[in-house]
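Bear in mind these aren't lab numbers, they're just calculated from the coordinates by the rules spelled out. If you're wondering where the values come from, they're calculated on a predicted model, not measured in any experiment. In this analysis, Cβ positions are derived from the backbone assuming ideal geometry, glycine residues included, and neighbour counts consider all displayed protein chains.
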Amino acid sequence: MRRFLISTAAALVVATFLLLVAGTDPIEALSVLASGAFGSTDKIADTAMAWAPLALAAAGLIVTFSAGLWNIGVEGQVIAGAIAATAAARWVEGPGWVAIAIGLLVGTVGGGVWGMAAGLLKTRGGVNEIFGGLGLGFVAQAFATYLIIGPWKRAGVASTSGTDLFREEAWLPTIGGTRLSVVPVALALVTLGWVWWMLRATRFGLELRAVGSNLRSARLVGIRSEQVMLGAFAIGGGAAGLAGALVTLGIQHKLVPAVAGGRGFLAILVVLLAGYRTAWVAPVALFFAAISVGSSQLNLRLDLDSSLGGVLQGVIVLAAVLVAGWQARRKAETAPIEGDT
Amino acid sequence: MTLRITEISKHFGPVRANDSISMTVEPGSLHAVLGENGAGKSTLMKILSGFQDADSGSVTLGGQTVPLGDPQAAIAAGIGMLHQDPLVVLPFTALQNFMLGTDLKHRTARRLFNETAARLGFVLDPDRVTRSMSVGERQQLEIVRLLSRGVSVLILDEPTSGISTGQRELLFDALRQLASEGLIVMFVSHKLEEVLDLCRSVTVIRRGRVVGERDLPCPTHVLVEMMFGDIVPETTHESARLGEPLLTVTSLEASEGRQSIRRVELVVNAGEVLGIAGLEGSGQQPLLRALAGMTPRVAGSITLDGSDLTRRPYRAFLRSGVHFLPAGRLEEGLFAELTIAEHLELALGSASIDWEVARRRAEEAIDRLSIKGRPDDPVAGLSGGNQQRVLLAMMPNDVSVLLMEHPTRGLDIESADVVWTQILARRAQGTAIIFVSSDLDELVATCDRIAVCFDGEILDIVSAPDVDANSLGSLIGGQIL
């Protein structure tokens, strides 16, 4: 909590400085940012719809981080989920809710499979999960682009702007005339709750944390650490895949190349800022979603580049990591060091 | 120049790694510092060479005070250290490594390099990339580098592990020559043979204190007794009634890292306590880990209670009731961030978790083993003794063979007592106990038999109640009675 406050304050100082350099009143900019995120029903809907996939991906990351795995391939897992969901939306006939249900399911499975692929590369192939995840991310991105300009190209023209829109029954249902759908928000909340419970109350969760804490000790007490790691990758990838499916079926209504849109990396920042604690993921993700959505207003209203939002997010996380580093160093300096003699 | 070490002390938490160590080494000495693993000799050498600061005490060389806690300043003052794994930048050539940290011109550096190497009889190509050099050649490079910086004290930390016999001879010849030129050579080792071969004097350290100094050569068992401690005559020794043969080992060979063990023939009975003694690195570790099923590279056979366990996975050993208690605790065995209750749940719990039950189990263990901690405390915050007790509490009830590495190393007397009371109580259920220790007193006080490892083999197995310090010392030093 203290870390969050200190780093946010530090980020605000930096942001204020940047805004002053850009010749803008910082207070005004921040109020524009806030009203851009929460100023109207539509904006609240947009923020909520941006929050859900981010929170989902972050929830999955909590699981892989707990197992000590640097799952950097979240982008690829989001794309894999989006591709699978698109296939379902295009091919499944019958009532819309059936297509949606199947789309969300295969999206989760698709992301999970993509996550497991990084896990198998690590446990069987000895490939560090960071490189495996990055590589698989490129593969997923290239495959999505191929599908969009190849087999799934729009009638008549092949364009990287995306496939044809899905039939409307396969769109996630929204409330009244807004852009808000309850499904993503509910799924994200349920997933967060499940992750919180799983890590605390189940044997798998305990083994996961044990593997993340000390692999050699885990082996010694007889934990099948390979399986535990693969499980973590499956869950992390599944959550990211579900996020991809929700973006596709609920926001874009078609497959676009930029479906992941940096959410995978942003989710890592969310988890870092949340200090790897599940309960903190929801508010931190909301904060980040609000900045992302609100910063588009900076451009319209103040003629500032909307990338300022990204700068703000980055600075906050850097500050948080820095504060964490200071705290760790202070702790190390005051605590006795265990060393070899 | 005379090296004078005065009352150096260094604490790591509650552990006194160096407890007021003093010694004086005259110029031209080939001086050994002997001690078992954990005795504190590495800490002392790190302090001398500036890689670690001391809590108190001072070091002078030729009357000048040597600043502590700064490797560059130590070298400038004349103390250089050759590490076990030489500190070279692998992608650099020998000459580039040689020039690091100096402001020598290229040509001057090359001349100095070639001269110094030739003086010591080393054949080193200055343009060879160090990655392609053997450990022995990297050592030579490092010695050349330190000498060119004008050190008058050269510390060598276990320099002979990982180098060939020929390279060792070359190294020893060079060290003898340096001593004859008036340098101080400090040779840190636990290999008695080499110490006796090379050095003319020795300081023995045990549990952070200097226990004695000797001129060399002297009888091996004298050194061993100094390293391992005296045997306090004890009459309370009582063996449990031995049961049937439980563990049978035939022609076992195993290796781990640079250590190996071969030609092991062993039968251990139910309820027996077998100690494994030996100088550090004589093969005890690969032997114990092979018996635990943790080393995949094993030849020969291991049979437990009639069923063959050779080359079976570790989990199969675990299921058969083999339990391993490692020495590392936080490095291997425990999970720093997890709580006492979580540790016990991991080791003893069932498929589903009931935290109420787990917490009660933890409270019961805390009571039984008098652990200073609460069920929800992470183990990282516990003292070494209490961490060892948590490891004991993680032991299931039906253990048939209990394997332990240095079960009481670094523990205070009270903790050691708790540990042994808990362990020996297991004999009544027929548990066989096999443990490695470098504490002769502990071995004689608790064992039925003691197997002595030397140079990768079991040299002899002796009956503990009948053995005396002299003969055990000679055996550990490699002399068959």
Original post:
What are the residues whose amide H is under 5 Å from the amide H of residue B:454, where those residues sit 5 or more places off or on another chain and H is modelled from the backbone?
Top reply: B:459
Subject >> ³J(HN,Hα) computed for each position of region B:398-415 - Karplus, 6.51 cos²θ - 1.76 cosθ + 1.60, integer Hz, glycine/proline x >> reply: 9, 8, 9, 10, 10, 10, 9, 9, 5, x, 10, 4, x, 9, 6, 4, 5, 5
Original post:
Which chymotrypsin sites (Phe, Trp or Tyr not before Pro) from region B:58-151 combine a DSSP loop assignment with at most 15 other Cβ atoms within 10 Å?
Top reply: B:92
Original post:
Normalised by the number of residues in chain B, what is the relative contact order in percent for Cα pairs under 8 Å and 6+ residues apart?
Top reply: 15
Original post:
If you keep only loop residues by DSSP, which chymotrypsin sites (Phe, Trp or Tyr not before Pro) in region A:251-296 have at most 14 other Cβ atoms within 10 Å of their Cβ?
Top reply: A:276
Subject >> Expected 222 nm ellipticity per residue - DSSP helices of 4 or more, -39500 (n - 2.57), all of chain A, to 500 >> reply: -25000 deg cm²/dmol
Original post:
Residue by residue through region A:273-280, which ³J(HN,Hα) values in whole Hz follow from phi under the Karplus form 6.51 cos²θ - 1.76 cosθ + 1.60 (θ = phi - 60°), with glycine and proline marked x?
Top reply: 5, 6, x, 6, 9, 4, 4, 7
Subject >> Dipole axis of region B:1-111 (+1 Lys, Arg; -1 Asp, Glu on Cβ), positive-most option in B:51, B:65, B:79 >> reply: B:79
Original post:
Hey, got the average number of other protein chain Cβ atoms within 10 angstrom for residues in B:328-335?
Top reply: 5
**OP:** Taking the Cβ of each residue in A:97, A:152 as the centre, tally the other Cβ atoms inside 10 Å and list the residues starting with the fewest.
**Re:** A:97, A:152
Subject >> Over region A:207-290, relative contact order from alpha-carbon pairs under 8 Å, at least 6 apart, % >> reply: 15
Original post:
When you look at the Cβ of every residue in A:214-227, what mean number of other chain Cβ atoms sits within 10 Å?
Top reply: 5
**OP:** Give, as a single signed number, the net charge of other residues whose beta carbon lies under 13 Å from the beta carbon of residue B:317, with Lys and Arg counted +1 and Asp and Glu -1.
**Re:** +4
**OP:** Using Cα centres only, tell me the gap between region A:1-60 and region A:300-323 in whole Å.
**Re:** 8
Original post:
After finding the eigenvalues of the alpha carbon gyration tensor for region B:278-414, what semi-axes result from the square roots of 5 times each, listed largest first in whole Å?
Top reply: 28, 19, 12
**OP:** Give a residue-ordered list of calculated ³J(HN,Hα) values for region B:364-374 (Karplus: 6.51 cos²θ - 1.76 cosθ + 1.60, θ = phi - 60°; whole Hz; x for Gly, Pro).
**Re:** 5, 5, 4, 5, 5, 9, 6, 7, 8, x, 10
Subject >> region A:183-228 versus region B:259-309: alpha-carbon centroid distance in Å >> reply: 35
Original post:
Taking amide H positions as placed 1.01 Å from N in the peptide plane, with prolines and chain starts having none, which residues 5 or more places from residue B:55, or on another chain, fall under 5 Å of its amide H?
Top reply: B:9, B:10, B:11
Original post:
About the Cα centre of region A:218-318, what is the dipole size in debye to 20, counting +1 per Lys and Arg Cβ and -1 per Asp and Glu Cβ, all else neutral?
Top reply: 280
Original post:
Which whole-number percent gives the relative contact order of region B:333-382, counting Cα pairs below 8 Å spaced six or more residues apart?
Top reply: 52
Original post:
What does the charge add up to near residue B:199, with Lys and Arg as +1, Asp and Glu as -1, over the other residues with Cβ less than 15 Å from its Cβ?
Top reply: -3
**OP:** Would you mind estimating how fast region B:303-358 diffuses translationally, via Stokes-Einstein at 10 °C and 1.306 mPa s with the Kirkwood radius over Cα pairs, in µm²/s?
**Re:** 117
**OP:** Among B:391, B:106, B:300, flag the residue with its Cα farthest along the positive direction of the charge dipole of chain B, charges on Cβ as +1 for Lys/Arg and -1 for Asp/Glu.
**Re:** B:106
Subject >> Computed helical MRE - 222 nm, chain B, DSSP H runs ≥ 4 contributing -39500 (n - 2.57), nearest 500 >> reply: -9500 deg cm²/dmol
**OP:** Just tell me which lysines come within less than 29 Å, Cα to Cα, of residue B:191; anything on the same chain fewer than 8 places away is out.
**Re:** B:10, B:41, B:46
Original post:
Listing B:106, B:221, B:31 from the residue with the fewest other Cβ atoms within 10 Å to the one with the most, what is the order?
Top reply: B:106, B:221, B:31
Original post:
Where nothing but the Cβ of Lys and Arg (+1) and of Asp and Glu (-1) is charged, how large is the charge dipole of the protein assembly as shown around its Cα centre, in debye to the nearest 20?
Top reply: 2520
Original post:
Most exposed first by the Cβ proxy, i.e. fewest other Cβ within 10 Å, how do B:151, B:418 rank?
Top reply: B:418, B:151
**OP:** Among B:156, B:212, B:167, pick out the residue whose Cα is farthest towards the positive end of the charge dipole of region B:142-218, where Lys and Arg carry +1 and Asp and Glu carry -1 on C-beta, about the Cα centre.
**Re:** B:212
Original post:
So which GluC sites (Glu not before Pro) in region B:138-213 are both in a DSSP loop and have at most 16 other Cβ atoms within 10 Å of their Cβ?
Top reply: B:181
**OP:** Post the alpha-carbon centroid distance, region B:384-459 to region B:82-109, in whole angstrom.
**Re:** 46
